[in-house]
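Quick notes on the structure that follows.
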């Protein structure tokens, strides 16, 4: 995100263009700005600009900036039913200790990290390989793109309910397929050991389309001469991937990895709908626990304390992402 | 893209290699396997869902399953439609998505135009503050955003059970605003300057010059805006405690426990049809938008 480039006078893509081209009406003078009265002019220009901005900024202020501050504030407060007076009072670090003492706290973090790690292992290599494969195809490219992106368009709730039905250990599609192939069946989301992996499969299936498309765009940007040169040097297929494709797409790979970590650490819909956090506490996630604190126990302070912990954890990845995009841009 | 002139850009595998007999045989083998693999992995589950909704309850639970329904029960769909009151649920969803689209198109476009072309003082700081929200995980804002919707500061209104709770937060979408601003940045400035010299005010310039040149990006942002509302689950679950006003995704989950499986699956198919139709109609724009907007390169 090159917000630094905004200050540049004109877009750099058009070199050699004169600063003041073809002034048609002579009366306005060069670039239409007179030195006298320029302050008043500037003020009205700015007022107009902020008039255009007002509606959007109000929404950002109400639903992004203010809640971000309020999240931190609430984390140190007791509200409503939690406080003795019934109003809002400062609670110090009490909300944090409440959260730390909760036996589900450790489970939620363990499960979320496990989910993120598994999603990285499965959901990270697979899209790259699929993009490589599609990029080599000389036919039906549109079909591949449509097919891979179709699951992304299906509403996540439908995807979750659909997979819940597929996972059914009895008449579910997956066990039926395994039986048809004479393979051992699985408990899928009903087993404590397999529940989380099953949810990772759902999330990967539902989300990899976007990643594949972005990789494809990156792959198409690789100059063909690099492959030709590598081939002349005797590089085989694997060496060409290793020494041309991966270095050339390294930036995109890194970006998507960070974005994926940030997204998967906030997993909610799949465990909420498919497993309800179970069996036991094997699929409760951090965001699920936030939801429970806020909307089941009505304890907004502790919910925000947990949110702030998640925020702090993800801020590290966000900062890295920002640094890399800045650096690259 | 220069790629259009030649039939295919040089990729990993050299075109020379593919012209040999062995190369061609390998290519067609890999191609067939890839088509089969993609069909099985991405299309078969959807086929299974659509046909599952045509089966009778007994056939749906039968083991081993039938791969094509023995009897086609189209009435599952009509039954799901009336039992879930899908007409009302879909009307709710359209109202929420349509309003969110309108608000985003008007307010985000105006804001992006101001930041890109009118360049007020502190414009860069404002843009920075907007982009910074991309770095704040949405889940961290969940509770305070909900509390804001319950009691809006200064106004004191309660937005619960009203579509405003969907419309207004949807405008605070930094990604769409960034897409618009970046597109406006690339519009030639001299046309706008010439119009300004001829006396066209900022609104006329936006309406007659910027918007007609921005159809592609407006299309992409429109699709993203509508699809996002259609797909969202957690936020409408929180702001619509009233079941009569809930959108499709919330209604599906609420009724999933009480509805017979065949009807539920039929309702799931109906819920997917609009977004899939939008995707198939605008696939070129959507794919271009994802490829270009996902990561800046």
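The values are calculated or read from the model by the stated rules, or taken from the named source; none is laboratory data. A quick note: this is a predicted structure, and the numbers were derived from the prediction, not measured. Please note: Cβ atoms are built from the backbone with ideal geometry, for glycine as well, and neighbour counts cover all protein chains shown.
Is it the case, given these coordinates, that residue B:159 is within 30 Å of residue B:246 (Cα to Cα), touching a residue at least 40 places away in the same chain (Cβ under 8 Å), more than 7 Å from chain A (Cβ to nearest Cβ) and assigned to a loop (DSSP other than H, G, I, E, B)?
On the way: within 30 Å of residue B:246 (Cα to Cα): yes; touching a residue at least 40 places away in the same chain (Cβ under 8 Å): yes; more than 7 Å from chain A (Cβ to nearest Cβ): yes; assigned to a loop (DSSP other than H, G, I, E, B): yes.
The answer is yes for residue B:159.
Which helices (runs of 4 or more DSSP H) does segment A:223-329 wholly contain that include 2 or more residues that are loosely packed, with under 14 Cβ neighbours inside 10 Å and free of Cβ contacts under 8 Å to residues at least 60 places away in the same chain? Break it down stepwise before answering.
Working: elements: A:224-232, A:237-240, A:250-264, A:286-295, A:300-328.
Correct list: A:224-232, A:237-240, A:300-328.
What's the number of the only condition in (1) in a helix (DSSP H, G or I); (2) free of Cβ contacts under 8 Å to residues at least 60 places away in the same chain that residue B:93 fails to meet?
Answer for residue B:93: the failing condition is (2).
Using beta carbons and a limit of 7 Å, which pairs, at least six apart or on different chains, have the first residue in segment B:64-76 and touching a residue at least 40 places away in the same chain (Cβ under 8 Å) and the second one surrounded by 10 or more Cβ atoms within 10 Å (Cβ to Cβ)?
Pairs found: B:73/B:54; B:73/B:55; B:73/B:56; B:76/B:53; B:76/B:54; B:76/B:262; B:76/B:263; B:76/B:266.
Given the residues B:181, B:145, which is the only one that is touching a helix residue (DSSP H, G or I) at 6+ places or on another chain (Cβ under 7 Å), facing another protein chain (nearest Cβ under 7 Å), assigned to a helix (DSSP H, G or I) and surrounded by 15 or more Cβ atoms within 10 Å (Cβ to Cβ)?
Details: B:181 fails: facing another protein chain (nearest Cβ under 7 Å).
Just one listed residue meets the conditions, B:145.
Can you say whether residue A:54 is exposed (fewer than 15 other Cβ atoms within 10 Å of the Cβ), within 29 Å of residue B:132 (Cβ to Cβ) and within 13 Å of chain B (Cβ to nearest Cβ), as far as the supplied structure shows? Break it down into steps so the answer makes sense when it comes.
Details: exposed (fewer than 15 other Cβ atoms within 10 Å of the Cβ): yes; within 29 Å of residue B:132 (Cβ to Cβ): yes; within 13 Å of chain B (Cβ to nearest Cβ): yes.
The answer is yes for residue A:54.
Please verify whether residue A:123 is modelled with pLDDT under 80, under 23 Å from the mean Cα position of the chain (by Cα) and surrounded by 12 or more Cβ atoms within 10 Å (Cβ to Cβ), treating the condition exactly as stated.
On the way: modelled with pLDDT under 80: yes; under 23 Å from the mean Cα position of the chain (by Cα): yes; surrounded by 12 or more Cβ atoms within 10 Å (Cβ to Cβ): yes.
Yes; evaluated as a whole, the condition is true for this residue.
Tell me, yes or no, whether segment B:119-126 has at least one residue that is surrounded by fewer than 21 Cβ atoms within 10 Å (Cβ to Cβ), over 19 Å from residue B:185 (Cβ atoms) and in contact with a helix residue (DSSP H, G or I) (Cβ under 9 Å, 6 or more places away or on another chain). So that I can check it myself, show each step before the final result.
Going residue by residue through segment B:119-126, those that are surrounded by fewer than 21 Cβ atoms within 10 Å (Cβ to Cβ) are B:119-126.
Right, trim to over 19 Å from residue B:185 (Cβ atoms) and you get none.
No, segment B:119-126 has no match at all.
Quick one: residue A:183 ticks every box in (1) within 10 Å of chain B (Cβ to nearest Cβ); (2) part of a loop (DSSP other than H, G, I, E, B) except a single one, so which number is it?
So the condition that residue A:183 fails would be (1).
Run down B:71, B:59, B:79 and say which single residue is outside any helix (DSSP H, G or I) and either at the interface with chain A (Cβ under 7 Å from one of its Cβ atoms) or at pLDDT below 90 (or both).
Numbers: B:59 fails: outside any helix (DSSP H, G or I); B:79 fails: outside any helix (DSSP H, G or I).
Within the list B:71, B:59, B:79, the selection yields B:71.
Identify, by number, the condition in (1) in a helix (DSSP H, G or I); (2) away from every other protein chain (no Cβ under 11 Å); (3) surrounded by 16 or more Cβ atoms within 10 Å (Cβ to Cβ) that residue B:200 doesn't meet.
Residue B:200 satisfies all of (1) in a helix (DSSP H, G or I); (2) away from every other protein chain (no Cβ under 11 Å); (3) surrounded by 16 or more Cβ atoms within 10 Å (Cβ to Cβ) except (1).
In this structure, does residue B:165 turn out to be more than 9 Å from chain A (Cβ to nearest Cβ), under 29 Å from residue A:286 (Cβ atoms) and in contact with a helix residue (DSSP H, G or I) (Cβ under 7 Å, 6 or more places away or on another chain)? Don't jump to the end; show me each part of the working.
Numbers: more than 9 Å from chain A (Cβ to nearest Cβ): yes; under 29 Å from residue A:286 (Cβ atoms): yes; in contact with a helix residue (DSSP H, G or I) (Cβ under 7 Å, 6 or more places away or on another chain): yes.
It is true that residue B:165 is more than 9 Å from chain A (Cβ to nearest Cβ), under 29 Å from residue A:286 (Cβ atoms) and in contact with a helix residue (DSSP H, G or I) (Cβ under 7 Å, 6 or more places away or on another chain).
Can you list the helices (runs of 4 or more DSSP H) lying wholly within segment A:68-165 that have 1 or more residues being touching a residue at least 12 places away in the same chain (Cβ under 8 Å), more than 16 Å from residue A:305 (Cα to Cα) and more than 7 Å from chain B (Cβ to nearest Cβ)?
Working: elements: A:94-101, A:103-136, A:141-153.
Result: A:103-136, A:141-153.
Listed residues A:309, A:256, A:237; which is farther than 30 Å from residue A:91 by Cα and either more than 8 Å from chain B (Cβ to nearest Cβ) or in contact with a helix residue (DSSP H, G or I) (Cβ under 7 Å, 6 or more places away or on another chain) (or both)?
Values: A:309 fails: farther than 30 Å from residue A:91 by Cα; A:237 fails: either more than 8 Å from chain B (Cβ to nearest Cβ) or in contact with a helix residue (DSSP H, G or I) (Cβ under 7 Å, 6 or more places away or on another chain) (or both).
Being farther than 30 Å from residue A:91 by Cα and either more than 8 Å from chain B (Cβ to nearest Cβ) or in contact with a helix residue (DSSP H, G or I) (Cβ under 7 Å, 6 or more places away or on another chain) (or both) holds for just one of A:309, A:256, A:237, which is A:256.
Taking into account only those residues within segment A:186-222 that are within 10 Å of chain B (Cβ to nearest Cβ) and part of a loop (DSSP other than H, G, I, E, B), which is modelled with the highest pLDDT? Before you say what the answer is, go through the steps one by one.
Pass one, segment A:186-222, residues within 10 Å of chain B (Cβ to nearest Cβ): A:205, A:208-222.
Still in the list and also part of a loop (DSSP other than H, G, I, E, B): A:221-222.
On the way: A:221: 84, A:222: 87.
Per the stated criteria, the residue is A:222.
Please count how many residues of segment B:203-225 are within 30 Å of residue A:154 (Cα to Cα) and either part of a loop (DSSP other than H, G, I, E, B) or more than 12 Å from chain A (Cβ to nearest Cβ) (or both).
To start, the set of residues in segment B:203-225 that are within 30 Å of residue A:154 (Cα to Cα) comprises B:214-225.
Filter once more, so that each one left must be either part of a loop (DSSP other than H, G, I, E, B) or more than 12 Å from chain A (Cβ to nearest Cβ) (or both): B:214-222, B:225.
So the count comes out to 10.
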